[in-house]
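Reading through the structure tokens given below for one structure.
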Amino acid sequence: MALKMSDIAEMAGVSKTAVSLALNGRDGISKETREKIMAVVKEAGYTRQRKRRTPSKRLLGAVTFLVVTTPAVVRDNYRALPFFSSLISSLSANVAEFGGTLNTVTIDATHLREGLQQLDSEDQLGGTMVLATDLKADQVQLIQQQMRHVVFLDTYYEDITADFVTMDNYQGGGIAAQHILDKGYTDIGYFASDKMISNFSGRRQGFRNTLAKQGLRVSNDHFYFISPTESDPKGLDMERLGESLPEAIFCEDDYIALRLLKAAQAAGMRVPEDLAIMGFDDIYEDTLVTPELTTIHVPVEQMANQATYQLQKQISATQWNPQKVLVSTRLVKRNSL
């Protein structure tokens, strides 16, 4: 029976990706590892069976999915949040299409430098995707310095040259504001995250600028700060929000919107008759409430596909210029607004 690349990997005690790099004369492994692999190849009399393969579909190896946890949005329980769960599933499926596997590594942001230093270089041969939701610019740059091939997901910085993939938050915020205006509302409130990240900042700016074009703004009395990941409506006292609530409220994510909807109904308010509510993300839970939540859809699968493409191109292309990709969002009309 002819030897396979996986057999050589087992005999040499290295990954299959390392064997592929050695046989193709590519960078990414140490001199000692390369010599060890080639010695096994020679001794075993291995002859590579070349398959006809479309260049754009060159296989990936073990891809590291790096999650940096913070006290903000990406906490230790991030997998329980529908958006992140959906993103991870989509990434795993896309990487699998390129013959790879997605291996999750979690590092606390307060120990980022030490955590990066402890990563096994052999595990990074298939590249790294970073859940960068909460990351500051200096943290992005630190990771970029440590990783050979890396794509940052769910954020981007204009002044950093790197591969980024995220949703177009500014555009989504503008769409939300325009839909509220088109429904005839002028007394408008805003539920903002009490944790500031670039995603929420973009949504806020897009919403405000769209209102400003119509000569409108959200008054200070109708601008509220709330946790973006808390779902229990019991902690949201509708009476404390003010005696005169606005007619319609936009929430910076669906968790906030669902919490508001449940709290409003618990207080005897009708949605949307007494209070119209709109969210952002289009998570599955939006369809499990009555009325179903009007929201902005984030194309998670398309983001995952784009991130995988950019990572694969980084690894396979002889020349690659980093891309900053903003994937457009769209309006999902339901009955809460």
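Residues in region 286-304 that are buried (at least 23 other Cβ atoms within 10 Å of the Cβ) and assigned to a strand (DSSP E or B): how many?
3
Take the residues of region 215-260 that are open to solvent by less than 60 Å² (accessible area, probe 1.4 Å) and farther than 16 Å from S193 by Cα: which is modelled with the lowest pLDDT?
Filtering region 215-260 for residues that are open to solvent by less than 60 Å² (accessible area, probe 1.4 Å) and farther than 16 Å from S193 by Cα, the one modelled with the lowest pLDDT comes out as G242.
Just wondering, is there one or more residues in region 134-153 that are of a type in the set (A, V, I, L, M, F, W, C), surrounded by fewer than 21 Cβ atoms within 10 Å (Cβ to Cβ) and within 21 Å of I277 (Cβ to Cβ)?
no
Consider D168 carefully, then state whether it is more than 30 Å from T287 (Cα to Cα), open to solvent by 10 Å² or more (accessible area, probe 1.4 Å), at pLDDT 90 or above and of a type outside the set (A, V, I, L, M).
no
Out of all the residues in region 277-285, is one or more open to solvent by less than 10 Å² (accessible area, probe 1.4 Å), small (G, A, S), assigned to a helix (DSSP H, G or I) and under 27 Å from F84 (Cβ atoms)? Before you say what the answer is, go through the steps one by one.
Restricting attention to region 277-285, the residues satisfying the condition of being open to solvent by less than 10 Å² (accessible area, probe 1.4 Å) are 277-280.
Applying the additional criterion that residues be small (G, A, S) yields 279.
Those still in the list that are assigned to a helix (DSSP H, G or I) too: none.
No.
Restricting attention to region 145-169, which residues are touching a helix residue (DSSP H, G or I) at 6+ places or on another chain (Cβ under 8 Å), closer than 13 Å to P322 by Cβ and in a strand (DSSP E or B)?
V150, V151, F152, D163, V165
Mind counting the residues in region 311-337 that are within 20 Å of N94 (Cβ to Cβ), modelled with pLDDT of 95 or more and open to solvent by less than 30 Å² (accessible area, probe 1.4 Å)?
2
Search region 302-337 for residues being among the hydroxyl-bearing types (S, T, Y) and in contact with a helix residue (DSSP H, G or I) (Cβ under 8 Å, 6 or more places away or on another chain), and hand back the single one that is nearest to L66 (Cα to Cα). Don't jump to the end; show me each part of the working.
Pass one, region 302-337, residues among the hydroxyl-bearing types (S, T, Y): 308-309, 316, 318, 328-329, 336.
So of that shortlist, the ones also in contact with a helix residue (DSSP H, G or I) (Cβ under 8 Å, 6 or more places away or on another chain) come out as 308, 316, 328-329, 336.
On the way: T308: 14, S316: 21, S328: 24, T329: 25, S336: 36 Å.
Top of the filtered list is T308.
The values are calculated or read from the model by the stated rules, or taken from the named source; none is laboratory data. Being a predicted model, the structure only gives us computed values, none of them experimental. Virtual Cβ from ideal backbone geometry, glycine too; neighbours counted across all protein chains shown. Note: areas computed on protein heavy atoms with side chains; ligands, DNA, RNA excluded. Shrake-Rupley method; radii C 1.70, N 1.55, O 1.52, S 1.80 Å.
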